[in-house]
Each structure stands twice: as C-alpha cells, then as structure tokens.
1. Could you give the length gained on full extension between residue 451 and residue 240, defined as 0.36 nm per residue of separation minus the Cα-Cα distance, in nm?
2. For a distance above 18 Å, tell me the whole-number percent of Cα pairs in the stretch 1-151 that qualify.
3. Ranked from highest to lowest mean number of other Cβ atoms within 10 Å per residue, what is the order of the peptides 254-263, 156-165?
4. Using the C-alpha gyration tensor of the stretch 8-87, what are the square roots of 5 times its eigenvalues, in whole angstrom, with the largest one first?
5. Find how much the distance from residue 379 to residue 86 grows on full extension, using 0.36 nm per residue of separation minus their present alpha carbon separation; answer in nm with one decimal.
6. How big is the dipole moment of the stretch 308-420 about its Cα centre under a simple scheme where the beta carbon of each Lys and Arg is +1, that of each Asp and Glu is -1, and everything else is neutral? Debye, nearest 20, please.
7. Rounded to the nearest whole Å³, what is the per residue volume of the convex hull around the Cα atoms of the stretch 301-387?
8. Heavy atoms only, probe 1.4 Å: what % of the accessible area of the chain goes to carbon and sulfur, would you let me know?
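The values are calculated or read from the model by the stated rules, or taken from the named source; none is laboratory data. Here the structure is a predicted model, which means the values were calculated and not measured. Here the Cβ positions follow ideal geometry from the backbone for every residue, glycine too, while neighbour counts run over all protein chains shown. Side chains included, ligands, DNA and RNA excluded: accessible areas come from the protein's heavy atoms. Shrake-Rupley method; radii C 1.70, N 1.55, O 1.52, S 1.80 Å.
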Amino acid sequence: ASGYFFIAGFPLVLLVVYLAVVNFKPLYWLLIACIPISTEIQLPGGLGTDLPTEPIIVGLMVLFGIFVLRNLKNLSFELIHHPVGLVLLLHVSWIAATTITSDLFVVSLKFLLAKLWYVVTFFALTAYLLRSDKDYRQFFWIFFWPFIFMVAVIMVRHALLGFSFQGIHSIMHPFQRNHVNYAAALALFYPYLLLMTQRYKRWSMPWLILVGALAFVLAAIYFSYTRAAYISLVIALGAYVVIRWRLMRYALIVAAIGGVLGITYMVRDNTYLEYAPNYDRTISHERFDNLIEATYKMEDISTMERVYRWVAAGHMAPERPFFGWGPGNFVNFYKPFAVTSFQTYVSDNPEQSGIHSYFFMTLVEQGVPGLLIFLALLVVFFMRGEYLYHALADFPLRQNIVLTVILSTTIITAFLLINDLIETDKVGSFFFINLALFINQDLFLMRRRKEELQGEGEGEV
C-alpha cells in the first residue's frame, strides 16, 4: 500500500537473522550460492555495494567475531600460526598501518574495512567450516549450480547476438561488471571443475554433469574474448608441470629475475618513453582478431590505458616509498604523475577505475613494504603448496584439494598482473577461500604426523 516494496522483504531478513544467530553455517552456504549471481549496486554519495553478498559478508563477520569471543578458550588458533596465515595477518596489519598515514583517511578506512570482512568471512570462517572432504564437496555443489546458471544466461544472451566480440560488452548485467571480471570468474573456477571429475566414477551422473560443465565453461571462456583468461589457463598448466616436477623454487627465481630485469630495462635512460602509443591510432576494436593484432602493435586502447596508469604509478612510488599514498588512493592522486605521451581517449577516467594491476596498486598505496609482504604471501603459498602436494600422496582426496586451490590461485595471480580484482566478491572471495582450504589440508597433515609420532613413542614404551 505504501509503494515501498522492500518492506515485504523484512520478514525474510528477520528469519535469516534468526537462523544465523542459531547456526551461521546455513547463512555461509547462502553466501556461497549468491556469489555467482550477486549484482553491483551504486549508492548515493559515490558508494557501491554487491547485493546480496556484501551485507551477508558483513553479517557473518560480526556473527563469527561474537562466536570467537564467546569460545576463546575452546578454539584453536592454528590458522594464524601457519606461515600463510601469519603473512596474511601481516598483510592486513600493514594495510591498517598505511591507513593511519593516508592523506585521505576515510577512503583508506573503507578499503581496510572491506579487506577485514573479506579476510574474516572468506578466510577465517571458511577455515573453520570447511575442514572435511564432505564440507568441501558441499561447498563445490552449492557454488556450482548458481555458477552454471549465471554462465548459461550470459551465453544465451551472447548467442542471440551471434557471439560477436562487440556484443560481449552489453550482456554482463546484472551478474558481472564487465567481460574481464566474468572471464576471471570462469577461469578461476575451472580447476575446481576439472579436478572434481576425478572424484566420481566415470559415466556416473555427477561425472557426466561435470564433463558437460567443463566443455560448456571452456566455450564460455573462449567467447569471453579476454586475453588474460587464455593466458592464465596456459600459466596454470605450466604451474601443474612445475609442481609435479618440484620446480617451484626455480620458477619463482626466474619470475623474480625476469621482473627485475624488465623493470630495470624500462626505467634505465627512460626507455619506457620509446613505447609511448600513437594517440590517433590507439583505439578500441570491434573484432577480436583486430584487438589481438593491436595488442602487440601497442595500439589497443585498454592495454595502453593500463600502461598510462602504470607509468603514473612508477612516478608516484618513489615519492612515498615506505607507507605509500594510502589504501584506495591511487585514483585520487595519479593524474599529476601521468605522462601525457601515454594518454588515450579514455584517460579522463570518469568512472574512477583503478590502476589495473594489483602489484602496482599495492606498491603505490602501501609502499615497498606492502608490496614485499604481498609477494611473500604468494611465495610462501606456492612453495609450501608444492611440498604439501607431494606430502599428501597417501591422501589423494586432500591432495586433489591442494592442487585445485594452487591452480585456482595461479589463475587469480595471473589476472592480478593486469587487473585489481581481489576487492571484488567474484574473485576476492576465492582468493581467500583458496588460502583457507590450503591451510586446512596442511594442518591435517601436521596433526596426522604428530599422531604417528605419538604412536611410535607409545610403542617404544
């Protein structure tokens, strides 16, 4: 009667709140189911949120925080004693420190709060709830069906447009912000689909469903027309070979050397200026093959706009090398540091989008220590991951989980080179879920070995 239709949702909200207080695990499952189909809403004052996921994330953070405080004596804190957990804690702590020194404190505080509820809900709560293989399977299937629904809707829309490259930009709403976020969501979940097929008997119904989904999602990745998605899957395949042959140490050393040499080459004698684009020829393209050609000719507008912002980041970082400019602040300060010779038609940036590289973003906003801490998190994860994969050879189901999360995180890391996606619910959720699932498998192995040692000791007595 009032015309405010949202009032009709109050009884449902009250029911959800009641159930969450009694047992928050169903609310967690609801969150997982909503991730693929959540939508981004712009609020007054330039704020935005993801519905219905973000309110649930915040609610679960509060509920889990209360639960932890009420059960401090009975809970184990192995999670933050694990090397990955410790570095992640240091990562969040440094974000808090750089928030205090930020020029725009309110902006940085919002960034910090968002980071906290992502870490608490998707990392800490996931580690608490998803400890058994049964929990893992339930998590997979609860996410799987809404995920496939989302992909099916977008694929049908795209088919009606003849799978055109130009058409991919107009069919993402309400599930995805753009085709890059969509491709990242598809790619990071692909290892889950692929390795879950090994858990079911061939030609069984679940196996057939998963094989069909593998082909369907691979087609969706292809028709996303996203270069980063293709490359990330190839990198994930390379990561699998590296893990199987215990080459992770050498791969990371080569990657580090390559990164240092590449940056040194570009910075020395201002060599990067030689790669400035031709303003009149740097345009967007309506055909994917033209886009690929334009990419290596450095005439693609999306690629060169990234370079424009990376060059600005290169000038910003030396100004504040220790604490940086503050979390979330790149977009507010980068314009005076940009080099006009790299400018493109979209450099006005009216939508206030970010730097499009999580590593550059971390360097600029959190300083050199912030970047080193984040790199340390990845190095510890991948080095420990290789060891854990081989150590769990007697526990194939858990070994399967470890390989899944390593490959998924590899794909996310590849995307982070040219995108900043950890603060999005579609990608950031899985980054922290992967870390939590990984640590749980490591803690399982530690407990088993401790039990074996105790058993041997008792036998000697």
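1. Details: separation 211, 0.36 × 211 = 75.96 nm, distance 3.07 nm.
Length difference between fully extended and current span is 72.9 nm.
2. Roughly 68 percent, once rounded to a whole number.
3. Ranking, from highest mean packing down: 156-165, 254-263.
4. 27, 19, 12
5. Roughly 104.2 nm would be gained on extension.
6. Dipole about the Cα centre, nearest 20: 100 debye.
7. Dividing the Cα hull volume of the stretch 301-387 by its residues yields 100 Å³.
8. Looking at the chain in its full context, I get 67 percent from C and S.
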